[in-house]
Every structure is written in C-alpha cells, then in structure tokens.
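**Student:** Provided herewith is a single structure, encoded as structure tokens, for subsequent inquiry.
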Amino acid sequence: MACVACVVCLLSVGSVSAQTPIEKPNLSIPSQIGPAYFGPNAFPIPDMLDGRTSEHLKVEFYVDGFVGTTTGNLADDLTTNIFTRLTIPLFTPRANLTVWMPIVEYFHTSAEVNADRRLPHKGDLEGFDSGDVYVSADISLLTQKAHNIDLVARTVLKTASANRFAEGRCYDAPGYFFDVAAGREFSLGGGRSVRTAVSSGFLCWQTDNGRQNDAVMYGLMTSYTHGRLTLATTYGGYIGWEGDGDCPMSVKASVGYDLGHIQLRMMYQGGLYDWPYHQLRLGVAYSFGR
C-alpha cells in the first residue's frame, strides 16, 4: 500500500511542475491565488480524518449551500452544489482509496463581489460548473487496540478539472497535500464515547509564473457518540506563505445518525479567516457490508 501513496505523490509533483512555463517569479508580489479571492470549492479546507480508515466500501451524497460574507449582503455571493465521495478499502481495512468532488455547482456573484476578487467583469455573474476531483490514499499506521492511539497518513492529489477560472470559481492548476491524523476514543459506558483527534500536514498549489504556495495544515476534532447519534466539532485550516488571502480557517459542526447501512448527516461550516463563507451540508452515506 505504500506503493500506492508513492505513485500518487509522484503524479502530484509531475502534474504541478508541468502546468505552466517556469519563469523567474517575483516573490515580493502576492499572487492573490488563494481562498479569499475564489468560490468556496476552489480552495476548500479539507475534511479532517479522525485517525482511522474505513473497513467498508462507502458512498456519500450531499447537497451544499454556501453564502459569502465578503460584502455583508448574503445575497451577493451564493453557491449550491452536489457533492459526492467514494471510499474503497484496498484489500485490507487499513488502506483506503478515496475519491471526492463537487459534481456540479450553481453560483451567483454580484458586481461588488467580483470587484473585490479583482475579476474583469463589471456586472453580476452566474452559471454552472463542475468541480475538481480529489484522489487520496489513506494508510492506517497504528490502531488504538494495539498502540493506544489510531494514526493514519493521507496523500491527496487534486486535478484541474474545473473550468471557470475567469469567474473565480476554481484555479486552473493541480495541487496536492499530505497529512497525518492521530486519534483516541474514550468509552463513557452506556453506549456513550468521546473521541479526540489532531492532524497536521503540508498543502501545495501552483499560483503563477511557475511558483507555488506552500501551506502548513492543522486540525483539532472532538466528537461525542451516544447510541446512534454522533455530534462532532472540528477546528482547522492551513497557513500559506504569501500572507494574502491564503490562510483559511474555519469551524465545522456536524450531526450524524446511524441507521446501519445508512447514515444521515448534517454539517455547518463557518469561515473564521480567509474563507469568507457559511456552508450548510445535508446528505446521506451508505456503507456496504456493515
């Protein structure tokens, strides 16, 4: 399974380096290619792992709604999309191949929002777009049963499959990130438990003139389970080196209800810095073989 991670890593580096001609970059001028200047799906804050991989094949479908907070008028920046994720155990529950993407999004942005993002358009913008595809190899390194903590490493490649760079919906270059998450569960008895997890990693995307933005990722998660109900909160983001719209930070709060094969889920995400959105997600996950 380590071979899978290595292959994804090599593909990531090759794709990024080949995207644009290499020129001498002016590092003193921010590129403004970052989360604060694009739609919510261009530079998402990745969902954090809790230290475990999945034992079962799982398919997830969600409907997302986003409202922007740049202007103070929530109607100025609206996005809705359909999001899907597929998790595949690779011959063992300790290794997963995970693929996810926003299948299609509808957006509307006002002239004021477009001006803030330095787009050339004078009026409102609206339309449809498909999103970028993310592919990850998730490897379980330690399990709590044997080592008192769960530990998982993840290697992720982002494609450049979205199309509407000129409207600020995506950035037309691939990217990649690596992270490690450690977690531990504490039983409270009576079908109740608390789980805590931390994560750290490295995220990279190409900006302009052949240069790239390197970011340090971080995350902290706490969840509480009582029977079929799970409540979770995650604080996280990443810190880019340019310091201009590239340090997104958010809080995510989710509710899940387990019906066996089917899990119902709702999640709210609020941007705290450089990710100027409120997000509401509703959907369902189906696990095969549970």
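The values are calculated or read from the model by the stated rules, or taken from the named source; none is laboratory data. Keep in mind it's a predicted model, so treat the numbers as computed, not measured. Every residue, glycine among them, receives a Cβ derived from its backbone with ideal geometry; neighbour counts consider all protein chains shown.
**Student:** Restricted to region 154-179, and to residues that are surrounded by fewer than 18 Cβ atoms within 10 Å (Cβ to Cβ), under 20 Å from the mean Cα position of the chain (by Cα) and not polar (S, T, N, Q), which residue is farthest from PHE66 (Cα to Cα)?
**Tutor:** Of everything passing the filter in region 154-179, ASP172 is farthest from PHE66 (Cα to Cα).
**Student:** Given the conditions (1) loosely packed, with under 15 Cβ neighbours inside 10 Å; (2) closer than 18 Å to VAL156 by Cβ, and given that ASN213 satisfies all but one, which numbered condition is not satisfied?
**Tutor:** Going through (1) loosely packed, with under 15 Cβ neighbours inside 10 Å; (2) closer than 18 Å to VAL156 by Cβ one by one, ASN213 breaks only (1).
**Student:** Another question, then. Restricting to region 167-215, name every residue that is touching a Ser or Thr at 6+ places or on another chain (Cβ under 7 Å) and free of Cβ contacts under 8 Å to residues at least 24 places away in the same chain.
**Tutor:** Result: PHE186, SER187.
**Student:** May I ask you to list pairs of residues, at least six apart or on different chains, whose Cβ atoms are under 6 Å apart, with the first in region 53-71 being under 14 Å from VAL113 (Cα atoms) and the second being assigned to a strand (DSSP E or B) and of a type in the set (D, E, K, R)?
**Tutor:** Listed by first residue and then by second, the contacts come to GLY68/ASP77.
**Student:** Looking only at region 88-124, which residues are in a strand (DSSP E or B), of a type in the set (A, V, I, L, M, F, W, C) and surrounded by 19 or more Cβ atoms within 10 Å (Cβ to Cβ)?
**Tutor:** Within region 88-124, ALA95, TRP100, MET101, PHE107 qualify.
**Student:** I would also like to ask the following. Restricting the search to region 160-179, which residues are of a type in the set (Ser, Thr, Tyr) and either under 15 Å from GLY39 (Cβ atoms) or modelled with pLDDT under 90 (or both)?
**Tutor:** Correct list: SER161, TYR171.
**Student:** Is there a residue in region 82-90 that is under 22 Å from the mean Cα position of the chain (by Cα) and of a type in the set (Ser, Thr, Tyr)?
**Tutor:** Yes, region 82-90 contains a residue that is under 22 Å from the mean Cα position of the chain (by Cα) and of a type in the set (Ser, Thr, Tyr).
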